[in-house]
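*Asks:* One structure, as structure tokens, below. Some questions next.
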Amino acid sequence: MHKDAPCGFLIHELRVHGDSLWVATDLGLDRMQMPSGEWTHYSPLGEQGALVETTCPALYEHLITWVRSSANHSAFANSIFQGLYITHPDFLRERLFAAPPRCEAGMDAGTAR
């Protein structure tokens, strides 16, 4: 996983303020300190969508859990999997196959067909 890049898949806007490059993406806001190249990541995971500091792996994990635990089959949910498939396929593969498969109501994993 790249530590030297924004967390999102699509960049919406770039701004330079002082010695920081701010990057607005589809998954939040990222700041690169230009002298050091160090990134800080913020995502709307706080109460009522407040931005909180996070890491890319933690953000991706949260998004995968959200999609898998709900009936979220929206275009946004699909774009998360497509983005991870393109940018971080090993991360996605590890997370998808780390959990047992979900089954239809009333069936367990041993009886699902």
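*Asks:* Run the simple label-point estimate for ALA24 and ASP4 please: 7 Å along Cα→C-beta, distance reported in nm.
*Replies:* Distance between the two pseudo-spin positions: 2.7 nm.
*Asks:* Could I have the simple spin-label model distance between PHE76 and ARG15, label points 7 Å from Cα toward Cβ, reported in nm to one decimal?
*Replies:* With each label point 7 Å from Cα toward Cβ, the separation is 2.2 nm.
*Asks:* Express in nm, to one decimal, how much length is gained between PHE97 and ARG68 on full extension, taking 0.36 nm for each residue of separation and deducting their alpha carbon distance.
*Replies:* Length gained between PHE97 and ARG68: 9.2 nm.
*Asks:* Dipole of region 1-54, Cα-centred, from +1 at each Lys and Arg C-beta and -1 at each Asp and Glu C-beta, to the nearest 20 debye?
*Replies:* Around 60 debye, computed over region 1-54.
*Asks:* Set the Förster distance to 25 Å, then compute FRET efficiency between GLU53 and TYR85 from the Cβ-Cβ distance, nearest 0.05.
*Replies:* Here the calculated transfer efficiency is 0.45.
Each reported figure results from applying straightforward, stated rules to the coordinates on display, with no laboratory input. The model shown is predicted, which means the values in this text are computed figures rather than measured ones. Because the Cβ atoms are built from the backbone with ideal geometry, glycine has one as well, and the counts that use them run over all protein chains shown.
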